[in-house]
Amino acid sequence: MQVSIFGLGYVGCVSAACFAKEGHDILGVDVSDVKVGLVNGGRATIVEEGIAELVADVHAAGRLRATTDVAAAVRATTISLVCVGTPSRRNGSLDLSYVERVSRQIGEALRGVDRPHTVVIRSTVLPGTLHDIVVPALEAGLGGPIAGRIVACVNPEFLREGTSIRDFHEPPFTLVGVDDPAHAEPLRQLYAGVRAPLHVVAVRTAEMIKYTCNCFHALKVGFANEVGNVCQALGVDSHEVMRLVCEDRKLNISPAYLKPGFAFGGSCLPKDLRAVAYRARELDVETPILSATLEGNQLQVDRAYRMILDTGRKRIGVLGLSFKPGTDDLRESPMVALIEMLLGKGCELVIHDREVSQSRLMGANREYIEREIPHIWTLMRDRASDVAAFGDVVLLGHNTEEYRALAFGLRPDQVLFDFARIASPPPALPGYRGINW
């Protein structure tokens, strides 16, 4: 394929060299005469193991060259990859001026060109950038709508400095964000030589995934460092602790707990977080991430509380009370905390939870309930259908077959708050609202 790559910095240089290695004809574009001269001399614009040899090889093979002429590059290719920088401003926002300028220039270069062209944003940009910045800039340069003339899509990169060549050829997946799945075909051809799953998703999803990954990576570094600081103060080998933590592929290094939803609760997570944070304070070790985890958990309860109150409705039915389905454990259940807040606001509530009702008869968890929240019994109902019928607002806390059936059978005038994600994608039900989807 004939591909122009805008921006010959880190991402652009690596992408250009690696795509050329895959057999594509690559034309790099940059405003810097120095970078263009380096590439045209068979030299890399960055320093990293393997990149100098790779650029020299693909340049010698005639598959990589560079220019400062935007119009010539666009007209000589069918795909343009935008790899320009998106630096931070002083307030933390992104400077998208390079992305916008290049998009406008590409649009201008395509005036009068009667064949379709694909514009791919490979720069790291936040959700909304393609539709709010890139497409208007393309249309401004083109002098009209891009429909039928330019396909705009997103293809975020996941290249780590130091291992970028290997990351390019062996990624966990390739991600393409498009408005129409058919628009992904040129990218499928471009990545045909890369052995990795190619996921075609909505544009905003693709724009968000890169940021989510990097935030998660940063969180892991900070978490490991906080654990290490506490371990050192306690005379514990931090690397041995984390080595064994990572041995757990069932819960620790896995998709477990990484599904957006309601707050966590139960007898373990809140208690153990508080215990470690308290011990760290005794040792004069600061643990802002661990402490903020509890604060963030409470904010999720507060979020649900505000969403419910914003409906202006006071009759509320609750399906699922314990901190997770299949247990009668109400200790630090976020749903109990939410109910207490709603009762304090004068709401009228009824509740169904089969396991909690059985615990009243069997004695399991009974002592805690009668000591801490005895008034809960007066709100419990024996039939889930009665609870679903009662509420102007229905809160679904457990994703069980019984509750799902009731949720899909609610009246059109009822509001359903789904805290458990009863279906993916979320159902198109009247009054349906997800806690964070």
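The values are calculated or read from the model by the stated rules, or taken from the named source; none is laboratory data. Just so we're clear, the structure is a prediction, and the values are computed from it rather than from any experiment. When we count neighbours, we look across all protein chains shown, and the Cβ atoms used for this are built from the backbone with ideal geometry, even at glycine. What goes into the accessible areas is simple: the full protein's heavy atoms, side chains included, and nothing from ligands, DNA or RNA. Shrake-Rupley method; radii C 1.70, N 1.55, O 1.52, S 1.80 Å.
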- For Kirkwood radius over Cα pairs in Å, the choices are (1) 22.7; (2) 25.6; (3) 23.4; which was calculated from the structure? (2)
- Task: Report the local net charge at G228: Lys and Arg +1, Asp and Glu -1, summed over other residues whose C-beta lies under 14 Å from its C-beta.
- Result: -2
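Would you please put 146-157, 191-202, 388-399 in order of how densely packed they are, using the mean number of other Cβ atoms within 10 angstrom per residue and starting with the highest?
In decreasing order of mean packing, 146-157, 191-202, 388-399 become 388-399, 146-157, 191-202.
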- Query: Which peptide among 410-421, 158-169 comes first, and what is the full order, when sorted by highest mean count of other Cβ atoms within 10 Å?
  - Reply: 410-421, 158-169
- Note down the accessible area of I209, probe 1.4 Å, to the nearest 10 Å². 40 Å²
- With the 1.4 Å probe rolled over protein heavy atoms, the chain has an accessible area per residue in Å² of 50 Å²
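If each residue of separation counts as 0.36 nm, what is the full-extension length gain between Y278 and L219 once their alpha-carbon separation is subtracted?
Gain on stretching Y278 to L219: 19.2 nm.
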- Note down the relative contact order for segment 1-147 as a percent, whole number, built from C-alpha pairs under 8 angstrom at least six residues apart. 23 percent
- segment 1-117: C-alpha gyration tensor shape, a/c 1.5 cut-off, then a/b vs b/c: oblate
- Item | H239 accessible area, assembled protein chains, probe 1.4 Å, Å² | 150 Å²
- Task: Note down the net charge around D167, summing +1 for each Lys or Arg and -1 for each Asp or Glu among other residues with Cβ under 15 Å from its Cβ.
- Result: 0
- Item | Other-chain or far-sequence residues with amide H under 5 Å of I121's (modelled H) | V82, C153, V154, N155
- Task: Give the long-range amide H neighbours of V318: residues separated by 5 or more places, or on another chain, with amide H under 5 Å away, using H modelled in the peptide plane at 1.01 Å from N.
- Result: V350, I351, H352, L395
- Note on the structure: Relative contact order of the chain (C-alpha contacts under 8 Å, at least 6 apart) in percent is 9 percent
- Query: Residue by residue through segment 175-187, which ³J(HN,Hα) values in whole Hz follow from phi under the Karplus form 6.51 cos²θ - 1.76 cosθ + 1.60 (θ = phi - 60°), with glycine and proline marked x?
  - Reply: 10, 10, x, 9, 7, 10, x, 5, 5, 7, 4, x, 6
- Item | Estimated 222 nm signal from helices in the chain, with DSSP H stretches of n ≥ 4 weighted -39500 (n - 2.57), rounded to 500 | -13000 deg cm²/dmol
- Message: For a protection proxy built on the mean count of beta-carbon atoms within 10 angstrom, sort 12-19, 427-434 highest first, please.
- Response: 12-19, 427-434
- Message: Which residues does the label zone of R101 cover in segment 26-52, counting backbone N under 16 Å from a point 7 Å along Cα→Cβ?
- Response: 29-36
- Item | Cα-based shape type of segment 240-319, given that a ≥ b ≥ c are square roots of the gyration tensor eigenvalues and the cut on a/c is 1.5 | oblate
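At 1.4 Å probe size, with the rest of the protein present, what percent of the exposed accessible area of segment 101-160 is carbon and sulfur atoms?
The computed percentage sits at 52.
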- Message: Check which residues have an amide H placed less than 5 Å from A66's amide H, if you skip close sequence neighbours.
- Response: G28, N40
- Filter the trypsin sites (Lys or Arg not before Pro) in segment 238-297 to those in DSSP coil with at most 11 other Cβ atoms within 10 Å of their Cβ, and list the result. R249, K250
- Item | Local electrostatic count, R433, Cβ distance below 11 Å [Lys/Arg +1, Asp/Glu -1] | -2
- Message: Within segment 217-331, how many Lys pairs that are eight or more residues apart, or on different chains, come under 21 Å at the alpha-carbon?
- Response: 6
- Item | Cα gyration tensor category, rounded, prolate or oblate, for segment 158-248 with a/c compared to 1.5 | prolate
